[in-house]
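The values are calculated or read from the model by the stated rules, or taken from the named source; none is laboratory data. Worth saying up front: this structure is predicted, and the values here are computed from it rather than measured. Cβ placement follows ideal geometry from the backbone for every residue including glycine, while neighbour counts extend to all protein chains displayed. We work out accessible area using only protein heavy atoms, side chains counted, and drop any ligands, DNA or RNA first. Shrake-Rupley method; radii C 1.70, N 1.55, O 1.52, S 1.80 Å.
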Amino acid sequence: MNLCNLSTVRELLDRYELAPRKGFGQNFLINPDVPARIAGSSAMGFDCGWGGAETGAPDGVCALEIGPGIGAMTRELSSLFHKVLAVEIDRGLIPLLAETLGDCHNTTVINEDFMSLSLKELLKEHFGESPVRICANLPYYITSPILMSVLEAYKPSETPQVQSITVLIQNEVADRLCAEAGSDEYGSITASVNLCGTARKLFTVPAGCFYPAPKVTSAVVQITLYKNGVRDAFEGLPEDNDELDRLIGLAKRLIAAAFAQRRKTLTNALSSVCEKSKTEEALTAMGLRTDIRGEKLSAADFVTLAKHIRGLA
Ligand code: SAM
């Protein structure tokens, strides 16, 4: 059965008395190249040279899919990964998935709202200690909360069980995730993601590849998490894990405050988190102007700023 054939998708949904649900962000992929390419990109792991799309992911690596829909990408993941877990919120799709994934013996589907789950517990329960890659055609209404819930699941000092997140999202959000500091697209989500990993836009997907077609163009982004947590990315961090977690916690609060009022100078925007004179002192020590705006600072700059404020630099 070709799960990306529009007539097949319609026939399946009709047979199970279903229709695409806007409230769950249901836009199903109807171009077979797209789920194959997304799953292949996840298996390949661009920034790490992990495995290859033809041979599948490296031995033992598992995949978590958020929102399998009717199972088109789940089947691709099933052929490339050791084990697959798919979390689907729509109860109506569960019997349909039992049919379309009936021969995928390494794949489990659960009927849950991903946002109500503890990611760490879920992965331990289904995959033990095995490394995991997340792959999804994300519902647009909840893209940022899902991404942030994955990235926030691990303490900055921890080695995350999740190696990478490969997601199909709105093109505009993809550009924000991958933006350079100082650009128009750069925002709090960019800096927050860069505290946990590096984001790379892989390819765009036109609206015509979905049923029903969304109003916007989409794109695939891969976030590769730092293998050993934040210590892999920034220099001069404290050796003590608790101190490190507090430092990165402060960097996150600085990012949130800086972008909540992005038109203000950083010193003014941060006044609820840090005394103005202290921010100015820190910026001067970093060789930056005291009237700089937060949108000019990279994630590394926010970490350095937090170090100065905590007296660690
Ligand atoms: N993976 C399928 C595909 O590519 O054709 C469907 C993608 S569709 C854009 C998003 C899917 O996520 C839908 O199946 C929807 O029901 C599911 N979904 C939406 N919110 C969810 C949530 N909070 N937890 C789990 N699944 C969710």
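See the values below:
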| read-out | value |
| --- | --- |
| 0 to 90° range, to nearest 10: angle between helix 33-44 axis and the chain longest Cα axis | 50 |
| Surface/4 estimate of mean projected area, convex hull on alpha-carbon atoms of the chain, nm² | 16.2 |
| Taking only Cα atoms of the stretch 208-311, radius of gyration then Dmax in Å | 17.4, 55 |
| Using alpha carbons only: equivalent-ellipsoid semi-axes of the stretch 136-220, gyration tensor based, whole Å | 23, 16, 10 |
| Sites GLU243 and SER144, calculated FRET efficiency, Cβ-Cβ separation with R0 22 Å, nearest 0.05 | 0.15 |
| Unit charges at the beta carbon, dipole of the stretch 83-236: most positive-side option, MET115, ASN228, SER183 | ASN228 |
| Distance between the stretch 109-182 and the stretch 63-89 - C-alpha centres, whole angstrom | 14 |
| Mean residue ellipticity (222 nm) of the chain, computed from DSSP H runs ≥ 4 via -39,500 (n - 2.57), nearest 500 | -10500 deg cm²/dmol |
| Contact order relative to length of the chain, as percent, for alpha carbon pairs under 8 angstrom and 6 or more apart | 15 |
| Between helix 241-260 and the chain: long-axis angle, C-alpha atoms, 0 to 90°, nearest 10 | 90 |
| Accessible area per residue, Å², the chain with all protein chains present, probe 1.4 Å | 45 |
| Cβ-placed point charges (K, R +1; D, E -1), dipole of the stretch 67-111 about Cα centre in debye, nearest 20 | 100 |
| Assigned charges on the beta-carbon of Lys, Arg, Asp, Glu; the chain dipole about Cα centre (debye) | 840 |
| With all protein chains modelled, accessible area of LYS120 [1.4 Å, Å²] | 70 |
| Accessible area of the stretch 6-232 belonging to carbon and sulfur atoms, whole % at 1.4 Å probe | 48 |
| Alpha-carbon centroid distance for the pair the stretch 264-313 / the stretch 1-29, whole angstrom | 50 |
| Reachable lysines, given that their alpha-carbon falls under 17 Å from the alpha-carbon of LYS22 and they are not under 8 places away in the same chain | LYS215 |
| Degrees separating the helix 276-285 axis from the principal Cα axis of the chain, which is the longest one | 90 |
| Percent of beta bridges antiparallel (DSSP, the chain, rounded to nearest 5) | 50 |
